[in-house]
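Here is the structure we will look at, set down as structure tokens.
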Amino acid sequence: MEEKRFARATWQIMEQLLEVNDLVEALSGSLEIIVRELNSEAGAIWFLDRKTDRLFPVFHIGPVDISNISIENGSGIEGLVTKTGKSIRIEDAAADPRFDSSVFDDSGLTTRTMLCVPLNNLHDIIGCVQVINKKDGSSYDGEELQLCERMASLAAITVDEKGLIVNAEEKKEVLIRLKGVVKEYPSGDSVLRVLKGVNLDIYQGEFVVILGESGCGKSTLVNIIAGMDVMTDGELYVEGKNFSHPSDHELTTFRREYLGFVFQNYNLMPNLTALENVQFIADIARRPMKAADAIAKVGLSDRANNYPSMLSGGQQQRVSIARAIVKNPKVIFADEPTAALDYQTSIEVLTVFEEIVKTQASTVVMITHNPEIARMADRVIKLRSGLVFSIKKNPHPARAAELVW
Ligand SMILES: Nc1ncnc2c1ncn2[C@@H]1O[C@H](COP(=O)(O)OP(=O)(O)O)[C@@H](O)[C@H]1O
Ligand SMILES: [Mg+2]
């Protein structure tokens, strides 16, 4: 029975590693299979950066956000595995002298049992893969360790060296932190729990994509971060300051000075020209750029005096992006900004976002249900039924022009 189950998992992992060109993508898919098969609470893939001799998580599954953590090669279980190239199985963390604590423990998930295996390139150890705890409370056994090792060696024979170079990452500054965010709606006699305890950090200057199927809570989450909706329970921090229960005044200031929005349905004022739509927002902002400059940034200078009805969907969306960036906001939220657009126009709009991320200091948080768009992001947050399912870093984000769907 066990043999058969793992045979299927091994086969699925082989498919992942053979079919996908992108290394992180292939490994993430493989870890997802392992976490599912072993009924794990969490899992992570760590890459070793040779320059700093530290391990960075490129992908993790589970309820806590460990994106900003790095470990010295040789220290902790993860570092030991990467240093020595030998797997470690911790049956009972509390009773195991090798176990001190784990990065997951620091983030709020107590490790009871763990598997950690080295990730081998053909020539070198490039990091490690780990899984933490089992949902049924049991401990990892030797067979389960073998499955992880099999994945690691499959990775070694299929993966080509070129994809394995990881850039050193400086620790990024946390702009917004969510802790245990819950959102419920009354539904008849009971409640509908839409967000079930979301833990997530958003960093200064990053391009984050929040990916998930329709109805999983993406818009609800972003509306809460953006102060357009209130959470039922949990905590929200903005630049370290507790912003869980802001006053109306604080909220207005926060929205006006901090945030830019782009929605699926442009929401332009029909009786104002493109430029006037942008100017209107610039007038109420504290440190705006010139409206004409914002229009130029989205490539619409020659259309500045057109009314929305004279513009195509893609052009209208670009006006709404200009309106979002004119405030010089710290964060731009874009909720399915290309959902109403055809492929070609979507790429044009995404190219504008790409430019913004490159040239402005703004953080961009984009919601989408299109996994292809996620390839552009620095970090991809996968949301599943009201919880963060996984977080992946793209060591080499794709250009908008490379996306195909
Ligand atoms: N105001 C509301 N009242 C009741 N239920 C809501 C409300 N807003 C959203 N929901 C429900 O919450 C769930 C998540 O919605 P949403 O955040 O819009 O999902 P997504 O953006 O991922 O498609 C859905 O089941 C939706 O029906
Ligand atoms: Mg939505």
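Summarising the amide proton neighbourhood of Glu72: residues at separation of 5 or more, or on other chains, whose placed amide H is nearer than 5 Å comprise Leu55.
Rounded to the nearest 5, the antiparallel percentage of DSSP beta bridges internal to the range 175-402 is 55%. The residues packed around Glu355, meaning those with a beta-carbon under 14 Å from its beta-carbon, carry a net charge of +1 if Lys and Arg are +1 and Asp and Glu are -1.
What ranking do Arg89, Arg323, Arg286 get, fewest neighbouring Cβ atoms within 10 angstrom at the top? Exposure proxy ranking, most exposed first: Arg286, Arg89, Arg323. Counting every other Cβ atom within 10 Å of each residue's Cβ, Lys327, Lys196 order from fewest to most as Lys196, Lys327. Note on the range 333-405: percent of Cα-Cα distances in each 10 Å bin, starting at 0 and stopping at the bin with the largest distance, equals 18, 55, 25, 1. Under the convention that each Lys and Arg Cβ holds +1 and each Asp and Glu Cβ holds -1, the size of the dipole of the range 176-330 around its Cα centre is about 380 debye. Normalised size of the chain, defined as Cα radius of gyration per 2.2 N^0.38 Å with N residues, equals 1.05. Distances between placed amide hydrogens fall under 5 Å for Val364 paired with Glu206, Phe207, Val208, Ile332, all partners being 5 or more residues away or on another chain. When the range 261-405 is described by a simple charge dipole with +1 on each Lys and Arg Cβ and -1 on each Asp and Glu Cβ, the residue from Ala334, Pro308, Pro395 located farthest towards its positive end is Pro395.
Taking amide H positions as modeled 1.01 Å from N, with prolines and chain starts lacking one, the residues under 5 Å from Leu175 and 5 or more places away or on another chain are Ile202, Tyr203, Gln204. Here, the range 208-277 has an Rg and a Dmax of 14.7, 42 Å when only alpha carbons are counted.
For the range 175-402, dividing the convex hull volume of the Cα atoms by the residue count gives 130 Å³ per residue.
For the chain, the Cβ-based charge dipole about the Cα centre amounts to some 840 debye (Lys, Arg positive; Asp, Glu negative; other atoms uncharged). So what's the Cα pair-distance distribution over the range 271-405, bin width 5 Å, in %? So the P(r) values, bin by bin, are 2, 10, 19, 22, 19, 14, 8, 4, 1. Each of Tyr266, Tyr237, Tyr185 was scored by other Cβ atoms within 10 Å of its Cβ. Arranged with the fewest first, they read Tyr185, Tyr237, Tyr266. Averaging the Cα positions of each part gives two centres, and for the range 178-249 and the range 341-405 these lie 20 Å apart. In a solvent-free Debye calculation with one equal scatterer on each Cα, what is log10 I(q)/I(0) for the range 2-164 at q = 0.10, 0.18 Å⁻¹, listed in the order of the q values? Ignoring solvent entirely, the Cα scatterers give -0.31, -1.09. The Cα atoms of the range 162-276 give a gyration tensor whose axes a ≥ b ≥ c have a/c under 1.5, which makes the shape rounded. GNM on the chain, alpha-carbon springs under 10 angstrom: the most fluctuating residue among Gly299, Gly29, Gly188 is Gly188. When both bridge partners sit in the chain, DSSP labels roughly 75% of those beta bridges antiparallel.
Values quoted throughout were computed directly from the atomic coordinates according to the rules given, and no laboratory measurement underlies them. For clarity, every value in this text was computed on a predicted model and none was experimentally measured. Glycine also receives a Cβ, built like all others from the backbone with ideal geometry; neighbour counts cover every protein chain displayed.
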